[in-house]
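What follows is a single structure, written as structure tokens, with notes after it.
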Amino acid sequence: MLLRIDQMRAHVVFEDLSHEARHGAARAGNEMHNLLAPRLVRKSALYAVNLPPKSTNARQQLFLIANCMAHPRIIAYPPTLLSVAGHYFWAYRPQIMKAAVITRYGSPAVIKILDVPKPAPAAGEVLIRVHATTVNRTDSGELRPRPRVLGRLVFGLRRPRRTIFGMDFAGVVEAVGAEVMSFKPGDRVFGMCPSRSNGAQAEYVCIPAKAPIAIMPTNTHFDEAVVCEGAFYANSGLRKFHVGPGHRILIYGAIGSAAVQLAKARGAEVTAVAATRHLELLKSLGADRVIDYTAEDFTRIGESLDFVFEAVGKTSFFRCRRLLKPNGTFMATDIGPWGEYLPLIIWSLIAKNNRVLVPLPPRGSGQSFVEFLKALIEAGQFRAVIDRRYPLDAIADAYRYVETGQKVGIVVINA
């Protein structure tokens, strides 16, 4: 039997109990909540797991647990084994951390800053004190999946599969699990959280040591190291088509600042399209030519290109196809808010012409990419473009800003 009590209410979970026993135990839990909640500090929670036989009366067990939890030795993790009336209990107040918790789909208003149990590294895992993370288009798409049906198949049908988002992280290793040899406490690291486990929008994150993680580039601040997400997806297309010297690529949208730098690092000739206020930035990132889409129609520049990279979801293949060579490729970062690119992608796959694609990173390529990006940063060929910074407590405002589609570079969250 597991009991969790916090300042809000009592949560009771039982195994192999009848409906009547569950009902009685829930009443007992509420009574215990009134007794114990005033003892809690900073909305921390008290837990207790009982070891007596399952035949013991559930209500009686709960009151025994209450006596255990009131014991002065129960002040922190690790658990303490106590004996009450001949019964033994593991009881503890777990170490806690602050996190942005999301339990349902919706607007940024559903994001709650809560105190949750701090994770502990299992064998082969690394516990990281997060100093910086980001809110990006991937996070926004997970909060409000579009297209609705396809998005929920990916992220969870009724609610998100995970409760803490955040792909990018930069921080300091606090502890390592057994069998971890590649990192040690005190190491400054950066990388990407696996998409199937809780992310980095919290004070701490626990990830496998074999996940995409590396020692931070030298002379780099934490805020400048959370640059993996956009670059990871942009690089997948450039890598797939071996973009390099002799290729000409047009990148639409200032949000494609990572793609501009990666394409230049590979030796391609880059034309960048953006609004007036972003032109100087794109020039500073290495673009060979910049076009102000508010002043001229970039589709009528009279050039033939090998690739068009649509980075913001504000143009279309049909508008850009006149720019492409007969064997040129239109690359997008997603299938569009309503899935409009999906039929074109299917057509391209059937025709085997690679005309329209949404390139996805190969499975297992994250670690090699993080090392590749680290090398580019240390060589001065890639740098962070920071749009805004927010504290963790204001992360909902960061989501609102990202949803406007106006961000340029990264939106940093300082945990």
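Here, each number is a calculation from the coordinates, and none is a lab measurement. Only a predicted model underlies this, so the values are computations on that prediction, with no experimental measurement involved. Cβ placement follows ideal geometry from the backbone for every residue including glycine, while neighbour counts extend to all protein chains displayed.
Some points to look at:
- Cα-derived Rg over Rh, computed across segment 306-367 with Rh taken as Kirkwood radius: 0.98
- Neighbour-count order for TYR399, TYR105, fewest beta carbons within 10 angstrom listed first: TYR105, TYR399
- For TYR204, the residues whose amide H sits under 5 Å from its own are VAL130, ignoring neighbours fewer than 5 places away on the same chain, with H placed 1.01 Å from N.
- Here segment 273-415 yields Rg over Rh of 0.99, to two decimals, using C-alpha coordinates and the Kirkwood radius.
- Segment 274-280 - phi-based ³J(HN,Hα) in whole Hz, Karplus 6.51/-1.76/1.60, Gly and Pro as x: 7, 6, 3, 5, 9, 5, 5
- Paramagnetic label zone (point 7 Å from Cα along Cα-to-C-beta, PHE318; backbone N under 18 Å) in segment 343-371: 343-348, 355-357
- Proximal lysines to LYS118, defined as alpha-carbon separation beneath 28 angstrom and excluding residues fewer than eight positions away on the same chain: LYS43, LYS98, LYS184, LYS210
- Cβ-based net charge around PRO194, under 15 Å, with every Lys or Arg adding one and every Asp or Glu removing one: 0
- D (Stokes-Einstein, µm²/s), Kirkwood Cα radius, segment 281-328, 1.002 mPa s at 20 °C: 179
- Environment charge at MET167 (Cβ cut-off 11 Å; Lys +1, Arg +1, Asp -1, Glu -1): -3
- The simple Förster model, with R0 at 25 Å and r as the Cβ-Cβ distance, assigns ASP397 and LEU157 a FRET efficiency of 0.30.
- Filtered chymotrypsin sites (Phe, Trp or Tyr not before Pro), segment 304-385: DSSP coil and at most 10 other beta carbons within 10 Å: TRP338
- Note on LYS112: aspartates and glutamates with a C-alpha under 17 Å away, same-chain residues under 8 apart excluded, are ASP6, ASP139, GLU142, GLU203, ASP393, ASP397.
- In segment 230-357, the C-alpha radius of gyration followed by the widest Cα-Cα span (Dmax) gives 13.5, 41 angstrom.
- Proxy reagent accessibility, fewest Cβ within 10 Å first, across HIS221, HIS278: HIS221, HIS278
- Exposure proxy shown here: for MET97, MET331, the number of other Cβ atoms within 10 Å sets the order, fewest to most, as MET97, MET331.
- Those lysines that a straight Cα-Cα span of less than 18 Å connects to LYS264, excepting residues fewer than 8 apart in one chain: LYS240, LYS283, LYS374
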